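Contents: one structure, followed by commentary.
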Amino acid sequence: MAPAPTDRLQGTLDLLILRTLQSEPMHGWGIAQRLLLLSEELFQVNQGSLYPALHRLEDRGWIAAEWGTSENNRKARYYRITTAGRRQLTREREEWNAFVAAVTRVLSDA
Amino acid sequence: MLSPRRILRRLRALLSREQLDRELDDEIHFHLEMDADAARRHGQEAPGRASLGNVPLVKDEVRDVRGVRPVEDFLADVRLAVRGLIRRPTFTLASLATFALGAGGVAAVFGAINGILLRPLPYPEPDRMVVVWEWNNSHSRQQEASPGNFLDWRERATAFEYLVAAEPYGLDWQSPDGPVYLSTWLVTENFFEAFGVKPMLGRTFRRDEHQQGRGRVVVLGWSKWQRQFGGDPNVIGRIITLDGSPWEIIGVMPRAFDAMDGNDLLWAPKVLTGWEPTARTSPFWTVVGRIKPGVTIEQGGADLRRVAAQLGAEYPRTNASIDAVLVPITEQVVGSARRALWLLLGAVGVLLMVAGANVTGLQLARALDRGREFAVRAALGATSHRMVRQLVTESFVLAGLGSLLGFALAFGGLGVIRRLAPPAVPRPDQLQADLPVLLVAIAVGLITALVSGLAPALSASRSNAALGLTMGGRAFTAGPLARRVRATLVGGQFAFALMLLVGAGLLFRSFVAILTQDRGFQSDHVLVTVTQAWGYFPTPEARAEYVRQASERLRQVPGVVAVGMTSSIPLNEFIGAETGLVAIAGQATGAADLPEVHAVIATGGYFDALRIPLRGGRVFSDNDRATTTAVAVVNDAFVRRFFPGESPIGRRITLGIARTPKTEREIIGVVADVRRHALHQEARPAVYVPHAQAPTGAAGFVIRTQADPDRMTEAVKGVFAGLSASMPVSKVTTMDRLVGESLRERRFLLTLLAGFALAGICLAATGIFGVMSYITGERTREIGVRMAFGADRARVLGMVLGDGTRIAGAGIVAGLLGALLTSRILTGMLYGVRALDPITFVGGALLLLAVGFAATWIPARRAAGLDPVEALRSE
C-alpha cells in the first residue's frame with residue numbers, strides 16, 4: 001500500500017533524522033541545525049515536530065538516547081543511531097529513491 | 001504486537017512518568033537556551049518560543065509517543081472518581097452497600113450451588129454410579145433392598161460392572177476411654193472398587209475376608225480416623241477390640257470418601273450367613289451400582305427390572321410387587337438440596353434486581369446533581385466521550401469496591417450457609433468462598449455497574465453546556481421523563497421486595513404452623529439415649545430384665561420425672577425394626593396383602609415421658625409381662641383406618657414384628673398420633689407392644705427431667721455403666737434437639753429468604769428516601785411559592801407523603817402480581833398455609849407501604865419545615 005501523504009511527510013522527517021545521526025550522536029538542537037545546514041536553509045524543521053519524532057524513533061528502537069554534556073557545557077540529551085536504525089535508514093533511503101524516481105518519471109512525462 | 005523492549009518502555013512510562021516529564025522539560029529547556037545563544041551570537045533578538053512553537057503542545061505530543069495515554073487517562077479518571085466519591089460520602093456508602101448486597105448475595109448463593117450441585121462427587125466417572133432401590137408396588141414406596149433380592153440382582157444383572165451393598169451395623173469398641181458405639185457399614189465384595197476410590201493408607205478388603213471367620217478387619221473413614229484415632233499414620237495393623245473380639249485396622253479412606261453420607265464411618269466386610277439369601281422381606285441394604293461403560297442408566301434400569309420380574313415370578317409370595325429403580329448417585333446425594341438452592345438463586349436474582357434498580361436510581365440522581373459540573377467541563381472543551389468515560393469509570397470504581405465488599409459478604413454468607421445447611425447437604429466443608437465465588441462477585445458487580453451506569457452517562461452526555469451554565473445548573477433538574485424513570489425504578493424495588501417478603505412470609509407461616517401444631521408429644525425437658533443391648537443381654541429374659549432395671553434406676557436419679565423405653569424414637573433415625581404386618585381378628589384380609597403398620601416396642605413409661613395423650617383404655621404397666629395376656633396399644637390413625645367409628649378396646653390383632661413370634665394381642669388402649677418421621681408428615685397407623693412381651697435389644701430411652709436435660713447426661717450414663725460396664729450408650733441427645741434437627745432444612749431456607757427480604761426492604765426504603773429527598777429538594781422553590789400563597793405545613797407534608805406513597809403503592813400492586821409467582825414456586829414447601837394466604841399477602845403489602853411512608857416522612861417533614869422566604873431566596 002502506498003503511504004498516505006502525512007505518513008510520507010513523517011517518514012521523510014524520520015529519514016532525515018536517521019541520516020543526520022549516521023555519522024555521529026547529536027542533541028535535538030544540533031539535529032535541527034544540521035538539517036538546516038545540509039538542506040541549505042531549506043528545511044526549517046518545526047521543533048514541534050522534531051521532538052515527537054525523536055521520541056517516536058526512540059520508542060521504535062531505531063535511535064537511542066543518553067544524557068551528555070554539550071559543546072558549551074550544558075546538560076543535553078544526545079541521540080545516536082542503533083543497528084536497527086541503520087537497517088531502517090537503508091530501507092527508507094531505497095524507498096525514497098524509488099519514490100522520487102517515480103515522481104520524476106511522472107513529471108517528465110507530462 | 002509489542003516487543004518486550006517496548007513493553008518495558010511502556011511500563012517505565014507509567015511508573016516513572018514524573019522523571020520522564022522532568023527529562024523532557026530539561027531537553028526542551030536546553031533547546032530554548034541553544035536558540036537564545038545562537039540568536040545572541042547573530043546579534044538578533046531572541047527568537048523566543050516562536051521556533052519551538054507551543055511548548056505545552058510539544059510536550060503533550062511527546063507524551064503521546066509513549067503510547068500509554070489511554071492508561072494514564074484511565075488512572076486520572078480513577079483518581080478523579082475516588083476524589084469525587086470521597087466528597088459525597090452518603091451517595092458513596094449507599095452505592096457501595098447496594099453493590100455489596102447484590103454481588104455478595106449472588107456470589108454466596110453461587111458458592112453454595114457450585115459447592116453442592118455443580119462439583120461432581122469425588123468418584124471417577126460419577127455419572128456411571130447409581131443407587132438401586134426396591135420399588136414396593138403394594139405400598140407405592142421406594143425402599144432399600146432385601147439381602148436375598150440384592151444377591152440375585154448381582155448374580156443375574158448384566159449391565160453393571162459392579163453391584164455392591166452396605167448393611168447398616170454397629171460395632172462396640174472397648175476404647176481406652178470406655179465403651180464406644182461405632183456405626184458401621186458391612187459391605188459386600190468390591191465395595192470400594194465400585195466407587196473407584198483407593199484407600200489413603202493401607203488397603204481395602206480382600207475377597208477371602210468376606211468368608212466366615214476371616215472378616216475381622218476394618219477400614220476407617222477419614223473423620224473417624226481423625227476423631228477417634230487422632231489421625232495416627234501408624235494406625236494400620238493396629239488391633240482393637242470390637243464386640244469383644246480382636247479386629248485389625250487395615251486401611252483409611254481419603255477425606256473425600258466421607259461424602260458417602262458425611263458421618264464418621266467405618267467399614268467392615270459383610271460375611272454372608274445362611275439367612276441373607278432367603279431374606280426377601282427385610283429391605284435394609286443400601287445398594288450401589290457402577291454401570292458398564294457405554295450402557296445408559298435406562299438400560300441398566302431395564303436390566304434390573306427384568307431380573308426383578310423374574311424374581312417376582314419365582315417368589316410370588318414375597319416378590320410379586322417388588323420392582324427395582326435406579327437413581328443416579330449425584331441425584332441421590334444432592335437431589336434434596338437442589339430445589340432449595342435453585343429457589344435461593346431465584347430469590348437472590350430478585351434481590352439483585354432491587355439492588356440494580358437502586359444503584360441506577362442513585363447514579364441518575366448523581367448525574368443530575370452534577371449537571372453544572374459537566375456543563376463547565378464541556379465549556380472548557382471536554383468532549384462528551386471523555387465525560388461519559390469518566391462517569392463510567394466512576395461506576396466501575398464503585399462496582400469494583402462494592403464487589404470486593406460483596407465477596408467479603410459472600411465469605412460470611414457461606415459461613416452461615418455452612419452452619420445452617422440441612423444434613424442433606426453433602427460435604428458442607430466444600431462450601432468455600434473461593435476464586436470462582438470472587439469472580440462471580442466481580443462479574444455481577446461490573447455488569448450491574450455497566451447497566452446502571454449507562455443511562456445516567458447517556459443523559460449527561462446530551463447535556464447542553466451553554467444552557468447548563470446560564471441556568472445556573474437548574475437546567476439539570478429532572479424533566480418529567482427522568483422523574484418518571486426514577487419513580488419507576490423505585491416502584492420496581494418495592495415490587496421485587498414484596499415478592500421476597502411474601503416468599504419469606506409464607507415460609508415463616510409454614511414454620512410456625514409446623515412448630516405449633518399437635519405433634520402428639522412434648523419435646524421439652526426430655527433426654528434421649530440409645531443402647532443396643534443384644535450382645536450384652538443375649539436372652540429375651542435378660543433383655544426384659546435389663547429394660548426393667550434401667551427404667552427403675554433411671555427413675556431414681558434425682559430430677560428425673562418419668563422414664564420410658566422405646567424401639568422407635570420420634571424424629572430420630574431408626575434404631576431397630578419399625579414396621580410390621582397386622583391382621584385384625586374378624587376382618588378378612590388375604591395373607592399376601594396384610595396392611596403394614598408402624599410397630600413400636602415400648603414400656604408404659606414411654607407415654608408418660610413424652611406426654612403422649614391417652615385417648616381411651618390404659619397403657620402398659622409393670623403387670624404386663626411375658627406370661628400375662630398379650631396386649632397392644634394403638635394410635636388414633638390406627639383406629640381411623642381399621643375401626644372407624646368403633647371402640648377398638650378389647651379387639652384382637654396379630655402383629656408380625658421382627659424377631660418376635662406372631663401372637664394374638666388384645667388392644668387395651670388408644671393414644672394420640674405421634675409424628676414419627678417429620679413434623680409435617682401425618683402419623684401412620686401404629687401398634688405399640690410392651691417390651692416385656694417383645695424384648696428387643698434396640699432400646700432407646702426417653703427421660704423426662706425437671707431441669708435442663710443436658711445436665712443429667714452424666715448421671716444417666718452412669719446408670720447404664722452400672723448395668724453393663726462394656727455396653728456403650730450409642731447416642732445421647734435431647735428431644736428438643738431432634739426436633740431442631742428435623743427442621744434444619746426449613747430453617748435454612750427461611751433464614752436466607754428472610755435475609756434477602758430484609759435486604760430488599762432496606763434497599764427499597766433507601767431508594768424511596770433518595771428519590772423523595774431529591775424531588776422535594778428540587779421543588780424547594782415551588783413549595784416556597786405554594787407556602788407564600790397560603791398552603792399550610794400540613795398540606796405540604798400531605799403532598800410529599802402522597803407522592804411517595806403513590807410511588808410505593810404502584811410498586812406494591814405490581815409486587816402483589818409478582819408474589820403470585822413466588823407463592824406458586826413455594827407451593828410444595830408450604831405447610832398449614834395456603835399459597836395465596838391473605839394474611840401474608842396483605843401483611844406484606846401493608847408492611848412495605850408503611851416502610852415507604854416512613855422513608856418518605858423525613859423528606860416530607862423537611863419540605864414542610866421550609867421557611868418560604870428562604871426557599872424563594874435559595875434560587
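I'd like to check something: does the range B:641-648 contain any residue that is within 21 Å of B:ASP608 (Cα to Cα) and either surrounded by 19 or more Cβ atoms within 10 Å (Cβ to Cβ) or touching a Phe, Trp or Tyr at 6+ places or on another chain (Cβ under 6 Å) (or both)? No, the range B:641-648 contains no residue that is within 21 Å of B:ASP608 (Cα to Cα) and either surrounded by 19 or more Cβ atoms within 10 Å (Cβ to Cβ) or touching a Phe, Trp or Tyr at 6+ places or on another chain (Cβ under 6 Å) (or both). Checked against the criterion of being under 23 Å from B:GLY104 (Cα atoms) and either surrounded by 22 or more Cβ atoms within 10 Å (Cβ to Cβ) or at pLDDT below 90 (or both), the candidates B:ILE775, B:ILE768, B:ILE783 yield just one match: B:ILE768. Taking the criterion of being at pLDDT below 80, out of contact with any Leu (no Cβ under 7 Å at 6 or more places or on another chain) and either surrounded by fewer than 21 Cβ atoms within 10 Å (Cβ to Cβ) or on the phi > 0 side of the Ramachandran plot (or both), would at least one residue in the range A:44-65 satisfy it? For the range A:44-65, residues at pLDDT below 80, out of contact with any Leu (no Cβ under 7 Å at 6 or more places or on another chain) and either surrounded by fewer than 21 Cβ atoms within 10 Å (Cβ to Cβ) or on the phi > 0 side of the Ramachandran plot (or both): present.
Within the range A:38-66, being assigned to a helix (DSSP H, G or I) and either of a type in the set (Asp, Glu) or more than 7 Å from chain B (Cβ to nearest Cβ) (or both) holds for A:LEU38, A:SER49, A:LEU50, A:ALA53, A:LEU54, A:LEU57, A:GLU58, A:ASP59, A:ARG60.
When the range B:749-766 is filtered for residues that are over 17 Å from the mean Cα position of the chain (by Cα) and within 14 Å of B:LEU498 (Cα to Cα), the ones remaining, listed by number, are B:LEU758, B:ALA759, B:GLY760, B:ILE761, B:CYS762, B:LEU763, B:ALA764, B:ALA765.
Okay, residues lined up against (1) among the charged types (D, E, K, R); (2) part of a loop (DSSP other than H, G, I, E, B); (3) touching a Leu at 6+ places or on another chain (Cβ under 6 Å):
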site: B:PRO199; (1), (2), (3): no, yes, no
site: B:ASP208; (1), (2), (3): yes, no, no
site: B:GLY213; (1), (2), (3): no, yes, no
site: B:LYS224; (1), (2), (3): yes, no, yes
site: B:GLN228; (1), (2), (3): no, no, no
site: B:ASN234; (1), (2), (3): no, yes, no
site: B:TRP247; (1), (2), (3): no, no, no
site: B:ALA256; (1), (2), (3): no, no, no
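Across the range B:274-315, the number of residues qualifying as out of contact with any strand residue (DSSP E or B) (no Cβ under 7 Å at 6 or more places or on another chain) and basic (Lys, Arg) comes to 2. Looking at the range B:662-741, the strands (runs of 3 or more DSSP E) lying wholly inside it that each contain 1 or more residues that are within 19 Å of B:SER568 (Cα to Cα) and among the charged types (D, E, K, R) sit at B:698-705, B:729-734. Test each condition in (1) of a type outside the set (A, V, I, L, M, F, W, C); (2) out of contact with any Gly (no Cβ under 6 Å at 6 or more places or on another chain); (3) surrounded by fewer than 21 Cβ atoms within 10 Å (Cβ to Cβ) for B:ASN149 and report the one that comes out false. Just one mismatch for B:ASN149, condition (3).
Matching residues to (1) away from every other protein chain (no Cβ under 14 Å); (2) crowded, with 20+ Cβ neighbours inside 10 Å; (3) assigned to a loop (DSSP other than H, G, I, E, B):
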position	(1), (2), (3)
A:LEU15	yes, no, no
A:GLY68	no, no, no
A:ARG77	no, yes, no
A:GLU95	yes, no, no
A:VAL100	yes, no, no
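Condition check for B:ARG684 on (1) surrounded by 23 or more Cβ atoms within 10 Å (Cβ to Cβ); (2) charged (D, E, K, R); (3) within 24 Å of B:PHE284 (Cα to Cα): one failure, at (1). Going through (1) more than 10 Å from chain B (Cβ to nearest Cβ); (2) assigned to a helix (DSSP H, G or I); (3) more than 18 Å from B:VAL62 (Cα to Cα); (4) modelled with pLDDT of 85 or more one by one, A:ARG8 falls short only on (4). Taken together, the criteria place B:GLY274 among residues that are part of a loop (DSSP other than H, G, I, E, B), over 29 Å from the mean Cα position of the chain (by Cα) and modelled with pLDDT under 90.
Residues that are among the acidic types (Asp, Glu) and modelled with pLDDT under 95 within the range B:573-624 comprise B:GLU573, B:GLU578, B:ASP593, B:GLU596, B:ASP622, B:ASP624, listed in sequence order. Just to be sure before I move on: is B:ARG280 of a type in the set (Lys, Arg) and in a loop (DSSP other than H, G, I, E, B) in the structure I sent? Spelling it out, B:ARG280 is indeed of a type in the set (Lys, Arg) and in a loop (DSSP other than H, G, I, E, B).
Highlighted here are the helices (runs of 4 or more DSSP H) found entirely within the range B:25-139 that include at least 3 residues which are within 14 Å of another protein chain (Cβ to nearest Cβ): B:55-65.
Checked against (1) within 27 Å of the chain's Cα centre (by Cα); (2) crowded, with 23+ Cβ neighbours inside 10 Å, B:ILE113 passes all but condition (2).
Taking the criterion of being under 25 Å from B:VAL560 (Cα atoms), out of contact with any helix residue (DSSP H, G or I) (no Cβ under 7 Å at 6 or more places or on another chain) and crowded, with 22+ Cβ neighbours inside 10 Å, the residues of the range B:607-632 that qualify are B:PHE607, B:ALA609, B:LEU610, B:ILE612. Note on the range B:322-371: residues that are under 30 Å from B:LYS292 (Cβ atoms) and in a helix (DSSP H, G or I) total 10. If the condition is being within 30 Å of A:ASP59 (Cα to Cα) and of a type in the set (Phe, Trp, Tyr), then the range B:58-93 contributes only B:PHE74.
Residues checked against (1) within 27 Å of B:ARG519 (Cα to Cα); (2) within 37 Å of the chain's Cα centre (by Cα); (3) touching a residue at least 24 places away in the same chain (Cβ under 8 Å):
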{"position": "B:GLY650", "(1), (2), (3)": "yes, no, no"}
{"position": "B:LEU655", "(1), (2), (3)": "yes, no, yes"}
{"position": "B:LYS662", "(1), (2), (3)": "no, no, no"}
{"position": "B:GLU666", "(1), (2), (3)": "yes, no, yes"}
{"position": "B:ASP673", "(1), (2), (3)": "yes, yes, yes"}
{"position": "B:GLU682", "(1), (2), (3)": "yes, yes, yes"}
{"position": "B:VAL689", "(1), (2), (3)": "yes, no, yes"}
{"position": "B:ALA699", "(1), (2), (3)": "yes, yes, yes"}
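The values are calculated or read from the model by the stated rules, or taken from the named source; none is laboratory data. Model, not experiment: these values are computed from the prediction. Positions of Cβ are generated from backbone atoms using ideal geometry, with glycine treated the same way; all protein chains shown enter the neighbour counts.
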